[in-house]
Every structure is written in structure tokens, then in C-alpha cells.
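Undergrad: Got a structure for you, questions after.
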Amino acid sequence: MKTNRFQWLLVGMLASCVILPVQAEQQLRFPVNPPQPREGQLLHTPPTMDDLEAARMHPELKRVIRRGHDLFMNTQQLRGKNVFNDMNCSSCHMGEGRMPFASPVWPAAVVLPNYRPKNDHVNNLEERIAGCFSYSMNGIPPEYGSDDMVALAAYHQWLAKGVPIYQLGDYYGRGYPIDQPSQEPSHERGHALYENNCAICHSSDGSGMRVKGETHFPAVWGDLSYNWGAGIIRNFTLAGFIHHNMPLGQPYTMSVQDAWDIAVYINSHERPQDPRYEGDVRATRARYLESFHKHGFYGTEQQGRLLGDHRNTGEKPILKPEVLRARTFTPQ
Amino acid sequence: MKTPRKTLLMMSLLLSMPLFAGIEGDAERGRTAAAVCAACHQADGSGMHIPGGESWPRLAAMDAGYMYRQLVDFREGRRTNASMMPFAAMLTDQQLKDVSVYYSQLPATPGQGGKDAAADLLKLGQRLVEQGDWERYIVPCGSCHGPASQGAGSNFPGIAGQHAGYIERQLLDWKQGKRDNDPQHLMLAIAERMTEQDIRAVAAWLSTLPAQ
């Protein structure tokens, strides 16, 4: 009985799911062919902002979800307060956080609270969002329960509409999955690939492009990029992001190998300090090695330089936001 | 660095010939050379939307580096158009730089051709420009063409405030394989995913927007 209903649900979702392949009446030179769903994967097409307008919900709730969407797309409105680099949430969670293989954000709304190895305790949705603020945005998260935090969380929850909660299973298109490369990733090949495919937007020095004093193309390394604690400093995560999403508008043109090569090239540059740094980069690496840093170059020598050996926090005035604290869940 | 005098001389030369996005041109000389362009692009660089015919793009306030690259591409045959080609070929390389700098400094003029479009066509256009359609992998135009689609450097030209007829022609040309000179085919990849209806819609909408 139970299984039957769940399968029914799976099929129902499959039917309503628009999977990307751009169909052609003409032969496309840049077809978009994401991986097909595997047997047993949960598929979900998140609702759009149009669906929100049409939904039967309290107008005030719609207004708050719209506010969350606006914060997600234009997180730069919190620059100098919660955000200290050139990112919006949508810089990495592309297509409004709805796109498969661009780490769609709705799974967090249905699998949390859950244990997270990164901080070794149980996190809820707001804490997960605070994580991306602290690392990916090199920022200081809005307070738990604040208007901005509740609005962002509401937007995540809205995107998850219709997904059964707490099915800690396999979701189609979650994160930035990628296979292992067939050859050892090469900094040199990565450099050449970066110049030919990425530098036109992200610039040869990684700083991206600002137009009229505003972020246009986000920085991929340096002071205005994500910091050394961000999930995307892991080579496999960055490689996955690139393979599925870059160059902009031409996903899957970088092979798995290309994506790894570019990832090790980008990740062998400097960026703001990991907020968990305690004064010694090798010690910080060692402390978070298993859960995190073994997948990246932080605290290792690359191109003759020890990466992360500095106190530079970019534009952020402090090193560690207060919310990044341990939880014990034991009575005081 | 031999003598301070020489350095000074070089500096003053540089100052009288300002660098525009990596190209060195003289607007005054450009004005003279541009006399032959006015028949189509008009004396104020406004160009013209010609319903049912071949529209002439607005050049006023376009990025100089972008225009120069297009002119070279016309000259070298990387971009083809029978009306435009002879004019790119008749000027020297320095003159191409001069006219580009000249037009880039003229004040922008309004786009034409979208005002009478149907409301739902304009709505579709606005949506594609601002939000794109990720399900079909049509990336929002502003993600490349800059804030308000008014341009970003010399590789991503401003498209807001351009004439509808010209925008439509270019997108169809990419879709049909007739324009092929865009860097890394960044534009081609988007244009080939658009329907003719999408193209009419963005062309109409963009032409109603301010260029600056």
C-alpha cells in the first residue's frame, strides 16, 4: 500500500515534469542535454512565480514569498549588511533556484532538519540558508526569524510545494553531481580552457565584471568571490557546477575532464579566509579535513604558494559570524 | 624613458587620442569620415526602423570597441550584409576607429518599432528580457547585455533602445545561420532556441526601453 502510493506520486510528478532537452524543429548547434532521471529518483518541477500569482493563498503570504524571491535573485540589496561579495543566491542556484543540476534549493525544505557533517550537528532550513550566507556570500547571515530570513525560507518552501517531506532519498538534479575525470586534472589545461571559455565574462584575473558600480558577472576568485569555507571550493562541486552550467547559455559544452581541469585552475587562486580559521591554515585544514577540506586546496601549496595563509576577509569587517556556533541539543 | 621631454610628448599624444575600450580614435576626424554613413544611420546616429524593409541600427551611444569590431568583421567578411559591407571596406582602419569613437559619444536616440505592438506581445518580450525562460534555456538577456540590457563592455552591446526591425533581423540571422561572428557563439546559442514569436516579442519590448 505505502509503496504503491509513493510510486503513484513518482509517476504523477514525472508526468508534470518539464525536463530540459530543448526540442528542435531545426538542428541545434548548442543542444541542452542534461542527464536523464534514473529509476527510483524523485522528480519535482518547482512552481513558478506565475503559479504563485494564480495560487489560492493569503495575499500576505504571497507578498512574503515574492519578497523571498526578490532577495534570492537580488541578494546584492543586502550588500554591506549581510553580503560582502559580488554574489546573488542565483549566481550559483541558477534559474531562480529551480533548475536541476544548478543545485535547486527546494530539497533543503523537505529534507531538513537533518544532520550535516559540515558543522557536525542537526540543521534546519534557516541554518542551511545561513550557511550559504556565511561562506558563499562571504557574509553575515540575517538573524534567524528576521523578516528577510523568514521570507527567504518561505520562498524555498514554496518551491518545494507538493514534495512529500522527509523522504531522505535520491532527488533528480540535486546539487552539482559529476563523475571522476579520466585523467589527473591539469592546472595548465584548465588555464587555457579558462582563457578561451570563461575570461570574456569572469575576466582573466577572476574578478568578473562590474557595470555602473554593480555586480554583473560575478567574481570566481579574489576578494569579491566566495570564501574558503564555501561548498564550491571543493573541486568536485565546482567541476560539477561548471559541467552543468557554464559557459552561460552553453551547458554541457565543457566535458567532465574540462570541468575538472578548470575547477583546479580556479581553485588554485586566493579568496577570503574560511570563517572557521583559527590563526593557522594548516591546522584549520586538518580540523575540517574529513568533512570538507580534503576535497579542496585550502592549506596546501599550489603553484608555489600556500593557499589560505592570510587574514584577509575581503570586504567583510569580521572573520566569523556569531551564528556559526556548535549546537549540543543537551539540557543545560 | 630616455628623456623626460619625450615622455611628456608621448603623454600629451595619448591624452589627445583617448582610449575607448582599447581602441584609439579621434571623434573629430570620425565626424568627417561619418558623412558617408548618414544616408542610412542618419546624421545624429539614430538609424531608422523600416517596417517591412531593412532597418538601419542606431549607432549613437553604442560602445566604440563593439562597433569597431563589427566594422572589421564586415570588412573581413565575417559578418555579411550587402548594404553595409562596402562602407566598412571604404574606410581605413584608423577611420573605422575614429567613426566608432565619434558615434559612441553621440547622445542616444529613442528606439522605434515597438510602440504599437500588442500588449501580450510586449509582456512576453519583457519576461524574456528580464527573466528569460530557463525551461527552454533562454537565459535572461540582461544576464549578458548588462543592467537594463544597456550594455556591458565591448563584448556585450546595449540592446535596449535599439530599433525593433534591426533586433528582429539579427536574431533571425543567428537562428538561420546567417550571422556567425559572435564571440564563443554566446548569442547564437540563445537565439537558436527562440521561436519567431519570441523574437518579435523581445524586439518590440527592447525598442521601447531607454538606451542609457
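Undergrad: Write out, first by first residue and then by second, each pair whose Cβ atoms fall under 7 Å of each other, whose residues are 6+ apart or on separate chains, and whose first residue, in segment B:140-165, is more than 18 Å from B:ARG58 (Cα to Cα) while the second is among the β-branched types (Val, Ile, Thr) and in a loop (DSSP other than H, G, I, E, B).
TA: Here the result reads B:CYS141/B:ILE159, each pair linking segment B:140-165 to a residue that is among the β-branched types (Val, Ile, Thr) and in a loop (DSSP other than H, G, I, E, B).
Undergrad: Only one of these conditions is not met by A:THR237: (1) under 19 Å from the mean Cα position of the chain (by Cα); (2) β-branched (Val, Ile, Thr); (3) assigned to a loop (DSSP other than H, G, I, E, B). Which number is it?
TA: All conditions are met except number (3).
Undergrad: Between residues in segment A:22-34 that are within 7 Å of chain B (Cβ to nearest Cβ) and residues that are at pLDDT 95 or above and assigned to a loop (DSSP other than H, G, I, E, B), which pairs lie under 6 Å by C-beta distance while being six or more apart or on different chains?
TA: Within 6 Å, the pairs are A:VAL22/A:VAL32; A:VAL22/B:TYR137; A:VAL22/B:ARG193; A:LEU28/B:GLU192; A:PHE30/A:GLN250; A:VAL32/A:PRO251; A:VAL32/B:TYR137.
Undergrad: Now for a different question. Tell me which helices (runs of 4 or more DSSP H) are completely within segment A:101-217 and hold 1 or more residues being closer than 22 Å to A:ALA239 by Cα and either of a type in the set (Gly, Ala, Ser) or within 14 Å of chain B (Cβ to nearest Cβ) (or both), or say none if there are none.
TA: A:107-111, A:125-134, A:187-197, A:199-202
Undergrad: Something else: Residue by residue through segment B:50-101, note down the ones that are surrounded by 21 or more Cβ atoms within 10 Å (Cβ to Cβ), in a helix (DSSP H, G or I) and of a type in the set (D, E, K, R).
TA: B:ARG69, B:LYS97, B:ASP98
Undergrad: Step by step: first the residues of segment A:289-332, then only those that are among the aromatic types (Phe, Trp, Tyr) and out of contact with any Ser or Thr (no Cβ under 8 Å at 6 or more places or on another chain), then the one that is surrounded by the most Cβ atoms within 10 Å (Cβ to Cβ). Which residue is that?
TA: A:PHE292
Undergrad: Suppose we keep only residues that are more than 19 Å from the chain's Cα centre (by Cα) and of a type in the set (A, V, I, L, M, F, W, C) within segment A:152-169. Which one would you say is surrounded by the most Cβ atoms within 10 Å (Cβ to Cβ)? Can you show your working first?
TA: Step one: of segment A:152-169, the residues more than 19 Å from the chain's Cα centre (by Cα) are A:161-169.
When the remaining residues are screened for being of a type in the set (A, V, I, L, M, F, W, C), the result is A:163, A:165, A:168.
On the way: A:VAL163: 19, A:ILE165: 9, A:LEU168: 9.
Selected residue: A:VAL163.
Undergrad: When residues of segment A:163-198 are filtered for being more than 28 Å from A:PRO104 (Cβ to Cβ) and out of contact with any helix residue (DSSP H, G or I) (no Cβ under 7 Å at 6 or more places or on another chain), how many remain?
TA: 5
Conditions tested, residue by residue: (1) within 14 Å of chain B (Cβ to nearest Cβ); (2) within 28 Å of B:SER143 (Cβ to Cβ).
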position	(1), (2)
A:ILE232	no, yes
A:THR237	no, yes
A:GLY240	no, yes
A:THR253	yes, yes
A:ASP274	no, no
A:TYR288	no, no
A:GLU301	no, no
A:LEU306	no, no
A:ASN312	no, no
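Undergrad: Could you tell me whether any residue of segment B:185-204 is out of contact with any Pro (no Cβ under 8 Å at 6 or more places or on another chain), within 11 Å of chain A (Cβ to nearest Cβ), of a type in the set (Gly, Ala, Ser) and not in a helix (DSSP H, G or I)?
TA: Checked against the condition, which is being out of contact with any Pro (no Cβ under 8 Å at 6 or more places or on another chain), within 11 Å of chain A (Cβ to nearest Cβ), of a type in the set (Gly, Ala, Ser) and not in a helix (DSSP H, G or I), segment B:185-204 yields no hits at all.
Undergrad: Does segment B:129-147 hold any residues that are of a type in the set (A, V, I, L, M, F, W, C), outside any loop (DSSP other than H, G, I, E, B), within 13 Å of chain A (Cβ to nearest Cβ) and surrounded by 20 or more Cβ atoms within 10 Å (Cβ to Cβ), and which are they?
TA: B:ILE138, B:CYS144, listed by residue number.
Undergrad: If you don't mind, there's one more thing I want to ask. Look at B:GLN212 and say whether it is at pLDDT below 95 and either more than 14 Å from chain A (Cβ to nearest Cβ) or surrounded by fewer than 22 Cβ atoms within 10 Å (Cβ to Cβ) (or both).
TA: It is true that B:GLN212 is at pLDDT below 95 and either more than 14 Å from chain A (Cβ to nearest Cβ) or surrounded by fewer than 22 Cβ atoms within 10 Å (Cβ to Cβ) (or both).
Undergrad: For residues in segment B:161-184 being away from chain A (no Cβ under 13 Å) and of a type in the set (A, V, I, L, M), which is surrounded by the fewest Cβ atoms within 10 Å (Cβ to Cβ)?
TA: B:LEU171
Residue-wise test of (1) outside any helix (DSSP H, G or I); (2) farther than 25 Å from A:ASN197 by Cβ; (3) charged (D, E, K, R).
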residue: A:VAL264; (1), (2), (3): no, no, no
residue: A:GLU270; (1), (2), (3): yes, no, yes
residue: A:GLY279; (1), (2), (3): yes, yes, no
residue: A:ALA283; (1), (2), (3): no, yes, no
residue: A:GLU290; (1), (2), (3): yes, yes, yes
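Undergrad: Looking at A:TYR135, A:TYR115, which one is in the same structural domain as A:MET73 (by TED's automatic domain parsing), in contact with a His (Cβ under 9 Å, 6 or more places away or on another chain) and closer than 22 Å to A:ASP274 by Cβ?
TA: From the options A:TYR135, A:TYR115, the qualifying one is A:TYR115.
Undergrad: With respect to B:ASP116, determine if the residue is under 30 Å from B:ASP26 (Cβ atoms) and either among the aliphatic types (A, V, I, L, M) or away from chain A (no Cβ under 14 Å) (or both).
TA: No; evaluated as a whole, the condition is false for this residue.
The values are calculated or read from the model by the stated rules, or taken from the named source; none is laboratory data. All values derive from a computational prediction rather than experimental measurement. Reconstructed Cβ throughout: ideal geometry from the backbone, glycine too, with neighbour counts over all protein chains shown.
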